[in-house]
Every structure is written in structure tokens, then in C-alpha cells.
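Colleague: Have a look at this one before I ask anything.
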Amino acid sequence: MTYNELWHLLAPTYGDGEAKAIAQMVYEVRFGLSLSDIYLGKDTQLSANSQAELAGIAERLQHQEPVQYILGEASFCGRTFHVAPGVLIPRPETAELCQWISQKHPVADGSPFCPHILDIGTGSGCIAITLALDIPHSQVTAWDISPAALEIARKNAQQLNADVTFEEVDILSPITHHHSPFDIIVSNPPYICNKEREQMEQNVLEHEPHTALFVPDEDPLLFYRTIAAYGLTALKPGGTLYFEINPIYANEMLEMLSAMSYHDIEIKEDQFGKPRMINAQR
């Protein structure tokens, strides 16, 4: 199977543009062939074993299994992260959140400031590791309820040479961990209501972990409210809370944080013009 044959096979499921991107990723990650190699016809020279593997990958892709899970990796903020079905696939909007935080908290070389950062619900570790690498001198702690996710996150930190402390913590249970106060608390918690399921893509619904995606319809701000309440004691005075949010609840988030006495609240749109991020100062 050639690159052209693969993307044409996938196009009815994914559309032409996405099918081409997926096919390119498969050839590059699994078979080490760049787009230039494909133009030179090297995709026609795969061994029989590679062709058999490619056929298996194509079949899984036709069943809408995410290509990142099939290949075991995802790109995020210019780095490669290991991913598996136990963690969410990192999204471009989450990368925008990391970039926003890094831009708002620049640390100059030689500065004595060592921001203490907590990432709640770390999953693959993409936020915690990115901030640890992009904000010099930062001390980063990351929590998750899932031992499987923490194992993947630790592996990513090790491979990317990031210094992050990972801990198994359920934010919805009473917190018994005692840390020095944090300068930044960040979270991309579950925020999709069950009623939104029918608008979602099947490959997300069928393959990504529901505990990392969904909140009850009757309490869509459950995680935000709990984390913000924790932040009132765990953040230093003047410390900052950052969330990735569900755009349909942006106004409710603003009202909730204001009612909890957070101030200087700022909502930021993502690349698609949706209110996707919020920050607030304690």
C-alpha cells in the first residue's frame, strides 16, 4: 500500500485533509519516511513485513481508532509524548494554555524567582512537563487519580528530561497532601457534559478515557469549583489559577470565580475564537 492508496482509503472516513495528515504521520513515525521520501517513491519499497503492518494500521484507522494511540505518540508544543488509551490525547487548545502561562510568567536567567506549579489531572503529563521545560527554575508537581496515567506521565518526563514530581491524588477527595503554597495551579479537568456526547466524534467517544472527559449534566463546574476552593488555601496570595474550560460555561466560570473572591479574572479565546481558557488571581 502506497501513501496515496492509504490516504484515499481513509478519506471517506476522515476527509481529504485529515486523511493525508494521518497517512503522513503513519509513514513518518512507523516507517521513518518523510514527505520528501514519499515524493521520491520510497513508500513503494516497504518490506513485506512493513506492508502487513501497514495493512493492520489502515484497518484500525478505518475503525476510527485514533492514530496517536495506534502509533503510541502525539506531538505537543514541539515535543513528542507517549500516549495510550489510559490518557487523553493532548489537544492544540491545551498547548495554547501552556503557551499563555509561559508568556505570562517569564523567568529571566539569573532571576531568584522559582515558581512552584501544580497541575491537577495531569494525564500524559503534557502540561506539567511543558511548563517544567519552558519556565526556567520552576518546581512542578502533577496530580492524577489514575495510576496508569501517572506511569505514562513519568515515562514522558523521563524521556523529555523534565523534573516533575508526580503524585496519585483525587482532587474530589479531601486533600491530605501538604505542600508549600503554589504560585500557579493549572488544570484541564473533565468538562464535557453527558448531554454533549451526540455532538462528539466517534473516535473520541469510543477510545478516549471517559473519566477524563465527562462531568455530570447537573454539575458541569464540579472540578472547577473544587479546584478553585483548594486554590484559596493552596495558592500564595497573588498566585494564579489557570483552567482550560468548556466555552459554553465561560460566563458561569467568571461568576463562580468572582463569588469565591478571585480577582483580575481573564478569559482567553483559542485559535478558533472560542472562550477556552481562564485565569484568576487569589
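The values are calculated or read from the model by the stated rules, or taken from the named source; none is laboratory data. Note that the structure is a prediction, hence the values are computed from the model and not measured. Cβ sites come from the backbone with ideal geometry, for glycine too, and all protein chains shown count toward neighbours. SASA here: full protein model, heavy atoms, side chains in, ligands and nucleic acids out. Shrake-Rupley method; radii C 1.70, N 1.55, O 1.52, S 1.80 Å.
Colleague: How many of the residues making up the stretch 124-148 are at pLDDT below 95, within 24 Å of Leu222 (Cβ to Cβ) and of a type in the set (Gly, Ala, Ser)?
Modeller: Final tally of qualifying residues: 2.
Colleague: Something else: Mind listing whichever residues of the stretch 1-47 are among the polar types (S, T, N, Q) and open to solvent by 40 Å² or more (accessible area, probe 1.4 Å)?
Modeller: The first filter runs over the stretch 1-47 and keeps only residues among the polar types (S, T, N, Q), leaving 2, 4, 13, 24, 34, 36, 44-45, 47.
Those that are among the polar types (S, T, N, Q) and open to solvent by 40 Å² or more (accessible area, probe 1.4 Å): Asn4, Thr13, Gln24, Ser34, Ser36, Thr44, Gln45, Ser47.
Colleague: Residues of the stretch 156-181 being among the β-branched types (Val, Ile, Thr) and under 12 Å from Ala128 (Cα atoms), which ones?
Modeller: Val164, Thr165
Colleague: What tally of residues in the stretch 258-280 results from selecting those that are without any contact (Cβ under 8 Å) to a residue 24 or more places away in the chain and surrounded by 12 or more Cβ atoms within 10 Å (Cβ to Cβ)?
Modeller: Of the residues in that region, 5 qualify.
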